[in-house]
Amino acid sequence: MKLANHVAIVTGAGRGIGRKTAVVLAKEGADLILAARSVSEIEVVADEIRALGRKALAIPTDITQKPQVENMAKKTYDAFGKADILINNAGLARHNLIPDIEEQDWDDQIAVNLKGTFLCTQAFFKQMCEQKYGHIVNVSSTAGKVGPPSFGAYSAAKFGVAGLTEVTYAEGRQHGV
């Protein structure tokens, strides 16, 4: 098992890419922290991972709220003593042409896709640098490279994620992150 003795955190772990990623990491030997707003969804995934013989902790988390992200990080370190892999997967996409984007839709997409990725990275980055090891994977989109019509807020957020990813790499590489 390639990831034996590794601890991975996956945001947006209740369904879709996040769920599949969490299960694959568990099959490779990692123990998991599953974060999402929907408790029922992440509990189902946690049970699936435990059935594979791995440890799994489901932590309801709104990644747009710093206290909730800090709580998730604290529970991770309390339960496992470390974090080796962070998969920033949680995302939100709503499709509207620029004249039709409601301000709240804009704010929500920037908050989940960019701010949430930042808050989760910030919550685990320092400890990963101190332990001289860690992987942070930011799930993005081609909309973060090319701005397609009707993806204004989503695309803006994903362009921001690309920049944050580059900065995280530049700051973390000398520390093994």
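The values are calculated or read from the model by the stated rules, or taken from the named source; none is laboratory data. Note that the structure is a prediction, hence the values are computed from the model and not measured. Here the Cβ positions follow ideal geometry from the backbone for every residue, glycine too, while neighbour counts run over all protein chains shown.
Residues that are loosely packed, with under 15 Cβ neighbours inside 10 Å and assigned to a loop (DSSP other than H, G, I, E, B): does the stretch 160-167 have at least one? Within the stretch 160-167, none of the residues are loosely packed, with under 15 Cβ neighbours inside 10 Å and assigned to a loop (DSSP other than H, G, I, E, B).
Identify, from the list K75, K82, K115, the residue that is charged (D, E, K, R) and touching a Leu at 6+ places or on another chain (Cβ under 8 Å). Among K75, K82, K115, only K75 is charged (D, E, K, R) and touching a Leu at 6+ places or on another chain (Cβ under 8 Å).
Taking the residues in the stretch 75-94 that are out of contact with any helix residue (DSSP H, G or I) (no Cβ under 9 Å at 6 or more places or on another chain) and assigned to a helix (DSSP H, G or I) as candidates, determine which candidate is surrounded by the fewest Cβ atoms within 10 Å (Cβ to Cβ).
It comes out as D78.
Of all residues in the stretch 1-42, those satisfying the criterion of being in a loop (DSSP other than H, G, I, E, B), among the hydrophobic types (A, V, I, L, M, F, W, C) and at pLDDT 95 or above are L3, A4, A13, A30.
For the stretch 95-114, taking the residues that are assigned to a loop (DSSP other than H, G, I, E, B) and of a type in the set (A, V, I, L, M, F, W, C), the one that is surrounded by the most Cβ atoms within 10 Å (Cβ to Cβ) is identified as I101. Does I59 fit the bill of being part of a strand (DSSP E or B) and over 16 Å from N138 (Cα atoms)? Answer is yes for this residue.
From the list A153, A170, the lone residue that is farther than 15 Å from L86 by Cα and touching an Asp or Glu at 6+ places or on another chain (Cβ under 9 Å) is A153.
The residues in the stretch 115-157 that are in a helix (DSSP H, G or I), more than 14 Å from the chain's Cα centre (by Cα) and polar (S, T, N, Q) can be counted, and the count is 3. Output the residue which, of all residues in the stretch 38-71 that are touching a strand residue (DSSP E or B) at 6+ places or on another chain (Cβ under 7 Å) and without any contact (Cβ under 8 Å) to a residue 24 or more places away in the chain, is farthest from A123 (Cα to Cα). Taking the candidates together, the pick is R50.
Criterion first (among the basic types (K, R), surrounded by 22 or more Cβ atoms within 10 Å (Cβ to Cβ) and over 18 Å from V137 (Cβ atoms)) does R54 satisfy it?
So R54 fits the description; yes.
The condition (being surrounded by 21 or more Cβ atoms within 10 Å (Cβ to Cβ), closer than 16 Å to V69 by Cα, touching a residue at least 12 places away in the same chain (Cβ under 8 Å) and in contact with a strand residue (DSSP E or B) (Cβ under 8 Å, 6 or more places away or on another chain)) is satisfied by just one residue among A22, A35, A30, A26: A35.
Are any residues in the stretch 115-138 within 19 Å of I17 (Cβ to Cβ) and either crowded, with 20+ Cβ neighbours inside 10 Å or free of Cβ contacts under 8 Å to residues at least 12 places away in the same chain (or both), and if so, which ones? Answer for the stretch 115-138, where residues must be within 19 Å of I17 (Cβ to Cβ) and either crowded, with 20+ Cβ neighbours inside 10 Å or free of Cβ contacts under 8 Å to residues at least 12 places away in the same chain (or both): G116, T117, C120, T121, I136, N138.
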